[in-house]
Every structure is written in C-alpha cells, then in structure tokens.
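The next block holds one structure in the form of structure tokens; read it before the comments.
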Amino acid sequence: MTFGYVSVEEAINRGGVRMVVVGGVPSPWGEAAKGILHIKGLEWVAVRLAYDSEPRKEWTGQRNGPVLIYENERPRNGWAEILLLSERLAPTPSLLPADPTERALVFGLAHEICGEAGLGWSRRLQLVHSGLQNAGGFPERVSEYLGKKYGYRPEAGAAASARVAELVAMLVARLKAQRQAGSPYYVGNSLTAADVYSATFAAMFDPLPPEQCEMDAATRAAFVTRDARLEAALDTVLFEHRDMMYAQFLELPLSL
C-alpha cells in the first residue's frame, strides 16, 4: 500500500495531497482516484469519510467522497476535477492524450462511466430499484439512503436497467475494436484515464475476490445482481481488461 490513513485533524494540518474516501466498500469513484494517484506516483494520505465529522464537513464542504485536496486550494470532488488536478501535479505519465480528438474521446468515455446518468450512476439506481423490489440489489436501508442521493423514482429505477446494459455493450464493443486494432487500451495505444475508470467500475458487476478486496458480504452480493439484459451485454473482455489493469498499473490488495 503506497498511502496511509490518518485522522481528519492530521490531514488538515499536514498539507500536501490528501483525499477523503469512502471506507469499507470499493466505491468505484474513490478507487479510480486512488488508482490515478498511484499511477502518477504522487505521495498522499487518505481520510475515511465520517458523515458526522464536523471538522471534515468544514474542511471539504462536501458530504461525499472522494474529495481531493492539495495544500490550501479548493477541494476537488468531481471525477474530472480530480483527474485534472492530478494531471497538473504530476504531468508524467499523462492519462490524457496530447491529440485533441483522442483527448475528447477519453473525456467522453470517462463521462459515460463516471458522470451523471453514466454507468456508475445508472448501476446504483438499478441496484436501488432491485433492493426496493426485493429482487437482489442493495439492502433496503442502503437503497433508501442512496435513492434520495440519486433522485430515485420507480420509473427511473426501471429505466436504469436498459441504460446500464447499453453502456456496458458500448464499452465491450470499444475494447473489442481496440483489440482487433492491436491495442489493449480504450483509446490509442497507451494507457489513459478511461482505462482506469473502466477497471475500477467493473467492481459494480463482479468485485475482485476477497483476498484482493475485503468487503461486506451483503454488499458483494448486491454488486453481482444481474438481469437478463445485463447478462447479455457483459463480456469477458471487460474483466480481462480489468485484470490487466490491476496486474500492470493498479494496487492490490485494495485498501478500503
């Protein structure tokens, strides 16, 4: 593990790069941010998110994680903000292509994975809907909490299934096309942020094994909830790409 956990008070006082992260579960947004910092070789410390911590609320101004903070600069909590700050702090290796067209493609893929109505967002709505319908998914208490956070409505939850399958199919098609072109990556012939996001968000469909990712059994069971549309869209190429990323670029075991 290349980072350590500290208290919020210690993090506030030490300066440098600090990040508030959700603890206990492989939150894909947080794991992606950890992966980016790891690839760039940045030194940083982690603070586990405590919802009742007043110092943490005052410091970050956020109720969620991840939140990346550098020195006395404003907190960054969106996936794009975290990526761009990381690029500034450690330009090499870059996770954004120099070519403007390829750079736009990376941002487009990243948004479809990380952004509002993207893969992670829609998958959470799908698992909330399943939990409230007693059809797998998140436990009822978790579903009620996340439902408020993600603006759950029954019709939105029902529609999320098709959206998830559509996005998974798009990613699978992209990887297969790239593989045929001789590249294991999403864009061009080198590693980009899109690869990091895909690898970490794959946990929402098939978490890494317990020896690599310790997590609550109920949460693990929720993550593997699948319907027929999702089963049809999923392909081994998605998980082969994930395994390549963890073998070559990302840290194991996960530190939650």
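The values are calculated or read from the model by the stated rules, or taken from the named source; none is laboratory data. As the structure is a prediction and not an experimental result, all values here were calculated from the model. Counting neighbours? That spans all protein chains shown, and the Cβs are built from the backbone with ideal geometry, glycine included. In case anyone asks, the SASA skips ligands and DNA or RNA and just uses the protein heavy atoms, side chains included. Shrake-Rupley method; radii C 1.70, N 1.55, O 1.52, S 1.80 Å.
Observations, loosely collected:
- For region 64-98, a tally of residues being of a type in the set (Val, Ile, Thr) and out of contact with any strand residue (DSSP E or B) (no Cβ under 8 Å at 6 or more places or on another chain) returns 1.
- Residues within region 41-61 that are at pLDDT below 90 and either crowded, with 24+ Cβ neighbours inside 10 Å or out of contact with any helix residue (DSSP H, G or I) (no Cβ under 9 Å at 6 or more places or on another chain) (or both), tallied: 1
- Test for ALA50: is it assigned to a loop (DSSP other than H, G, I, E, B) and not hydroxyl-bearing (Ser, Thr, Tyr): yes
- When VAL20, VAL25 are checked against the criterion of being assigned to a strand (DSSP E or B) and crowded, with 16+ Cβ neighbours inside 10 Å, a single residue qualifies: VAL20.
- ARG153 being touching a helix residue (DSSP H, G or I) at 6+ places or on another chain (Cβ under 8 Å) and more than 29 Å from PHE3 (Cβ to Cβ): no
- Scoring ARG229 on the criteria (1) under 17 Å from ARG123 (Cβ atoms); (2) within 20 Å of the chain's Cα centre (by Cα) leaves a single failure, condition (2).
- Against the test of being free of Cβ contacts under 8 Å to residues at least 24 places away in the same chain, of a type in the set (Lys, Arg) and not in a helix (DSSP H, G or I), the options ARG74, ARG103 yield a single qualifying residue, ARG74.
- The residues listed here are HIS111, HIS38; of these, the one that is at pLDDT 95 or above and touching an Asp or Glu at 6+ places or on another chain (Cβ under 6 Å) is HIS38.
- Any hit, region 153-162, residues being open to solvent by less than 70 Å² (accessible area, probe 1.4 Å), over 15 Å from the mean Cα position of the chain (by Cα) and not hydrophobic (A, V, I, L, M, F, W, C): yes
- Pairs with Cβ under 6 Å, 6+ apart, first in region 135-162 and of a type outside the set (A, V, I, L, M, F, W, C), second not in a helix (DSSP H, G or I): GLY136/THR225; GLY137/THR225; SER161/ASP227
- Number of the exception - ALA117 against (1) under 20 Å from PRO28 (Cβ atoms); (2) open to solvent by 10 Å² or more (accessible area, probe 1.4 Å); (3) in a helix (DSSP H, G or I): (3)
- Selected residue [open to solvent by less than 70 Å² (accessible area, probe 1.4 Å), in contact with a helix residue (DSSP H, G or I) (Cβ under 6 Å, 6 or more places away or on another chain), under 21 Å from THR200 (Cβ atoms) and assigned to a loop (DSSP other than H, G, I, E, B)] from LEU96, LEU68: LEU96
- GLU251 being open to solvent by 40 Å² or more (accessible area, probe 1.4 Å), modelled with pLDDT of 95 or more, among the acidic types (Asp, Glu) and within 19 Å of LEU119 (Cβ to Cβ): no
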